[in-house]
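Chemist: Before I ask anything, let me first share the structure, which is written out below as structure tokens.
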Amino acid sequence: MATATKTSGGNNAYHNFHNDFADVGDVNERRRLALAEVDRAPFGWYHVRAITVAGVGFFTDSYDIFTVSLLTLMLGIVYYPGVGHMPTNSDTAIKLATSAGTVVGQLGFGTLADVVGRKKMYGLELILIIFATLAQALTSSSPSMNIIGIIIFWRVIMGVGIGGDYPLSSVITSEFATTKWRGAMMGAVFAMQGLGQLAAAFVMLFLTLGFRKSLESSATLADCTGDCAVAVDKMWRTLIGFGAVPGCIALYYRLTIPETPRYTFDVKLDVEKAEGDTEAYLEGKPKGNPDEVARAVAQQEANEQMKVPKASWADFFRHYAKRKNAMLLAGTALSWCFLDIAYYGVSLNNAIILEVIGYSTAGAKNTYEILYNTAIGNMIIVLAGAVPGYWVTVFTVDTLGRKPIQFMGFGILTILFVVMGFAYWHIPPNGLLAIFVLAQFFFNFGPNATTFIVPGECFPTRYRSTSHGISAAMGKIGSIIGQGAIAPLRTRGAVPGGNPNPWMDHVLEIYALFMLLGIGSTAMIKETARKTLEELSGDDDIEPPASLPTTVAPAAAAAAASGANGTVDK
């Protein structure tokens, strides 16, 4: 049996794992040892780099999604003069367009990342987002085309790119992460969503301040014409176009990230390349450079000897035909769906919250004050609950565990929505504010984060991205249900001159029901904290030997025996 050729290089800063395992003849053992090095690696700058590259994408995603309410507000001013707002069906269509595209992207990119590889797909979704974002910012109406239709088209395309970012960023971060801090790394990537929302509010605030003189010339949104309308037209284009900036910064690093060693080992069965990519990742290089002769020999041996099941459609259906696997996928998918039904419907309370904290548009004297108060109000809402909730999850998810946090989040949210729903007409505005802030906190220190993390860990490598995409797509289907079917019920029974939202309490009660159902679906998932991805997948039937074989290289034996000379993160 041929053994790999050793390579030069490697020191205390950039350990040469290829040399460690070059003398190991058994490809299954080489796989186990190489992946163990990734799992046990001390937290370092290469982990920070992975978080940053993936996190910037989620920052961009959140920014683009969050700006839609500001976008529809300003489009109504510019393209509906004398009215000041667009029709409700047009507003809803624009807001649902992104979610519809996201479902397609999550399923499509999730599947392709398992078929052709994470590296080949990573960056393509960001290119799609950048292109669609710039296209929105530069679009306009014409005698034959309506601006609303064009915006919807580009937001669907943008949604496809945003959807692709969910499974790719989650799985890539998971497969490169150290076992001890994998949850924190994935949580930090997801927490960039909060910063993206905050950035959108800041950009809106700065634009409003910059065009203050023009905006003050109109007393109401309906009167915003001439210079005022030109100013608002520039504002929405700048607001949307700015979303492409962070994506452009991260694009190079996404396109040059190495393939994850787990995918190369378990799907491509390319042992030499996987070991080289492991080394490249820790050194910040785009890819490894294995010896091609040794690579061909090792790949042939892997095809004959590797015990990891090979991916195929037949194997996919066989895998999920097993009850425990089907229940796990159902648990992650339903939990995400139930969460997003309420999470995307909670924005119904924004008008009340803005009024309570003193930033209502009701008392505004001109267009400037309306847009200014809207920006400040959104900023305070994000800072009050969303951002703190994200980061509490980051710092506790690996100690408390994913499942307890998700149980706790769904449980507390059930109580909060029950209180808001059944006592809606009896709670004073300040009380509603407090409950709303608590709900925002426990959405993010709860199921909003864990439903993203768990699907990136608990499935086998060959179907990890596909399964995450299915789970995430169910979430976005839930958001469409929440926004398009349940939210409009709040106006049921409304009469002219009366309360415009007489059914608000019942809508909140419906959301409470879905939070309760989330508790049940959480029981179907598994705890993933402090376990390797191979343990969680259930497909690693290669038991660690009681003692290292004599063919293991001295450096590998030392690493296994002493944790890489004391550098193992414990």
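Residues checked against (1) within 22 Å of M474 (Cβ to Cβ); (2) under 16 Å from the mean Cα position of the chain (by Cα):
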residue	(1), (2)
A36	no, no
R40	no, no
G44	no, no
D64	yes, yes
S69	no, no
Q106	yes, yes
L112	yes, no
G117	no, no
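Chemist: A further question follows. Restricting attention to the stretch 180-222, which residues are closer than 20 Å to L35 by Cα, open to solvent by 10 Å² or more (accessible area, probe 1.4 Å) and under 20 Å from the mean Cα position of the chain (by Cα)?
Modeler: Initial filter on the stretch 180-222 (closer than 20 Å to L35 by Cα): 180-186.
If we keep only those that are open to solvent by 10 Å² or more (accessible area, probe 1.4 Å) too, we end up with 180-181, 184.
Listed by number, the residues that qualify are W181, A184.
Chemist: Tell me yes or no: at least one residue of the stretch 89-96 is modelled with pLDDT under 95, in a helix (DSSP H, G or I) and over 28 Å from T361 (Cα atoms). Break it down stepwise before answering.
Modeler: Here is the first cut: in the stretch 89-96, the ones modelled with pLDDT under 95 are 89-96.
This time we only want the ones that are in a helix (DSSP H, G or I), so: 89-96.
Pick out the ones that are also over 28 Å from T361 (Cα atoms) and you get none.
No, the stretch 89-96 contains no residue that is modelled with pLDDT under 95, in a helix (DSSP H, G or I) and over 28 Å from T361 (Cα atoms).
Chemist: Out of the residues in the stretch 87-115 that are hydrophobic (A, V, I, L, M, F, W, C) and open to solvent by less than 30 Å² (accessible area, probe 1.4 Å), state the one that is nearest to D266 (Cα to Cα). Lay out the reasoning, then the answer.
Modeler: So in the stretch 87-115, the residues hydrophobic (A, V, I, L, M, F, W, C) come out as 93-94, 96-97, 100, 103-104, 107, 109, 112-113, 115.
Narrowing further to those that are open to solvent by less than 30 Å² (accessible area, probe 1.4 Å): 94, 97, 103, 109, 113.
Working: I94: 41, A97: 37, V103: 27, F109: 19, A113: 13 Å.
Looking at the filtered set, the residue picked out is A113.
Chemist: With respect to S62, determine if the residue is in contact with a Gly (Cβ under 8 Å, 6 or more places away or on another chain), closer than 30 Å to A137 by Cβ, at pLDDT 85 or above and among the hydroxyl-bearing types (S, T, Y). Talk me through it step by step, then tell me what you get.
Modeler: Numbers: in contact with a Gly (Cβ under 8 Å, 6 or more places away or on another chain): yes; closer than 30 Å to A137 by Cβ: yes; at pLDDT 85 or above: yes; among the hydroxyl-bearing types (S, T, Y): yes.
So S62 passes the test.
Table: residues versus (1) at pLDDT below 95; (2) polar (S, T, N, Q).
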{"position": "R318", "(1), (2)": "yes, no"}
{"position": "C337", "(1), (2)": "no, no"}
{"position": "S347", "(1), (2)": "yes, yes"}
{"position": "A351", "(1), (2)": "yes, no"}
{"position": "E355", "(1), (2)": "yes, no"}
{"position": "Y359", "(1), (2)": "yes, no"}
{"position": "A362", "(1), (2)": "yes, no"}
{"position": "L371", "(1), (2)": "yes, no"}
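Chemist: Please state which of the following conditions T361 fails to meet, knowing it meets all the rest: (1) free of Cβ contacts under 8 Å to residues at least 40 places away in the same chain; (2) over 20 Å from Y63 (Cα atoms); (3) open to solvent by less than 10 Å² (accessible area, probe 1.4 Å).
Modeler: Looking at each condition in turn, T361 falls short on (3).
Chemist: I need a count of the residues in the stretch 479-519 that are farther than 19 Å from F109 by Cβ and assigned to a helix (DSSP H, G or I). Steps first, please.
Modeler: Step one: of the stretch 479-519, the residues farther than 19 Å from F109 by Cβ are 481-519.
With assigned to a helix (DSSP H, G or I) added as a condition, the list becomes 481-491, 504-519.
Qualifying residue count, the stretch 479-519: 27.
Chemist: Next question. What are the residues in the stretch 477-512 that are out of contact with any Lys or Arg (no Cβ under 6 Å at 6 or more places or on another chain) and β-branched (V, I, T), if any?
Modeler: Residues satisfying the conditions are I477, I480, I481, I486, T491, V495, I510.
Chemist: On to the next question. Looking at G84, G161, G123, which is the one that is surrounded by fewer than 23 Cβ atoms within 10 Å (Cβ to Cβ), within 25 Å of I51 (Cβ to Cβ) and of a type in the set (G, A, S)? Outline the logic, then answer.
Modeler: Values: G84 fails: within 25 Å of I51 (Cβ to Cβ); G161 fails: surrounded by fewer than 23 Cβ atoms within 10 Å (Cβ to Cβ).
Unique residue meeting the criteria: G123.
Chemist: Of the residues V83, V56, V78, only one is at pLDDT below 90 and aliphatic (A, V, I, L, M); which? If you could, list the steps in order and put the result at the bottom.
Modeler: Numbers: V56 fails: at pLDDT below 90; V78 fails: at pLDDT below 90.
Just one listed residue meets the conditions, V83.
Chemist: Let me spell it out: the conditions are (1) open to solvent by less than 10 Å² (accessible area, probe 1.4 Å); (2) over 14 Å from the mean Cα position of the chain (by Cα), and G57 meets all of them except one. Which number is the exception?
Modeler: With respect to (1) open to solvent by less than 10 Å² (accessible area, probe 1.4 Å); (2) over 14 Å from the mean Cα position of the chain (by Cα), G57 is out only on (2).
Chemist: A follow-up question, please. Select from the stretch 224-249 the residues that are over 24 Å from V382 (Cα atoms) and without any contact (Cβ under 8 Å) to a residue 12 or more places away in the chain and list them in ascending order.
Modeler: Here is the first cut: in the stretch 224-249, the residues over 24 Å from V382 (Cα atoms) are 224-231, 233-234, 248-249.
Correct list: G226 only.
Chemist: I525 - would you say it is under 20 Å from V346 (Cα atoms) and either assigned to a helix (DSSP H, G or I) or within 21 Å of the chain's Cα centre (by Cα) (or both)?
Modeler: Values: under 20 Å from V346 (Cα atoms): no; either assigned to a helix (DSSP H, G or I) or within 21 Å of the chain's Cα centre (by Cα) (or both): yes.
In short, no.
Chemist: Give the residue, chosen from A439, A472, A449, that is open to solvent by less than 30 Å² (accessible area, probe 1.4 Å), among the hydrophobic types (A, V, I, L, M, F, W, C) and closer than 30 Å to K268 by Cβ. Explain how you work it out, then say what you get.
Modeler: Working: A439 fails: closer than 30 Å to K268 by Cβ; A449 fails: closer than 30 Å to K268 by Cβ.
Of A439, A472, A449, the one residue that is open to solvent by less than 30 Å² (accessible area, probe 1.4 Å), among the hydrophobic types (A, V, I, L, M, F, W, C) and closer than 30 Å to K268 by Cβ is A472.
Chemist: Let me ask something else. Residues in the stretch 271-280: is at least one among the polar types (S, T, N, Q), out of contact with any Ser or Thr (no Cβ under 7 Å at 6 or more places or on another chain), at pLDDT below 85 and open to solvent by 20 Å² or more (accessible area, probe 1.4 Å)?
Modeler: Quick first cut of the stretch 271-280, residues among the polar types (S, T, N, Q) only: 278.
Next cut, out of contact with any Ser or Thr (no Cβ under 7 Å at 6 or more places or on another chain) only: 278.
Then drop every residue that is not at pLDDT below 85, which leaves 278.
Filter again for open to solvent by 20 Å² or more (accessible area, probe 1.4 Å), leaving none.
No, the stretch 271-280 contains no residue that is among the polar types (S, T, N, Q), out of contact with any Ser or Thr (no Cβ under 7 Å at 6 or more places or on another chain), at pLDDT below 85 and open to solvent by 20 Å² or more (accessible area, probe 1.4 Å).
Yes/no matrix, rows are residues, columns are (1) in contact with a Phe, Trp or Tyr (Cβ under 9 Å, 6 or more places away or on another chain); (2) among the polar types (S, T, N, Q); (3) surrounded by 20 or more Cβ atoms within 10 Å (Cβ to Cβ); (4) in a helix (DSSP H, G or I):
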position: W391; (1), (2), (3), (4): yes, no, no, yes
position: P404; (1), (2), (3), (4): no, no, no, yes
position: G409; (1), (2), (3), (4): yes, no, yes, yes
position: I412; (1), (2), (3), (4): yes, no, no, yes
position: N430; (1), (2), (3), (4): no, yes, no, yes
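Chemist: Can you tell me which residues in the stretch 36-59 are hydroxyl-bearing (S, T, Y) and closer than 30 Å to A137 by Cβ?
Modeler: If we filter the stretch 36-59 for residues that are hydroxyl-bearing (S, T, Y), which is where we start, we get 46, 52.
Matches in the stretch 36-59: T52 only.
The values are calculated or read from the model by the stated rules, or taken from the named source; none is laboratory data. No experiment lies behind these values; they were computed from the predicted model shown. Neighbour counts run over all protein chains shown; Cβ positions are idealised from the backbone, glycine included. Areas reflect the complete protein model, heavy atoms only, side chains present, ligands, DNA and RNA absent. Shrake-Rupley method; radii C 1.70, N 1.55, O 1.52, S 1.80 Å.
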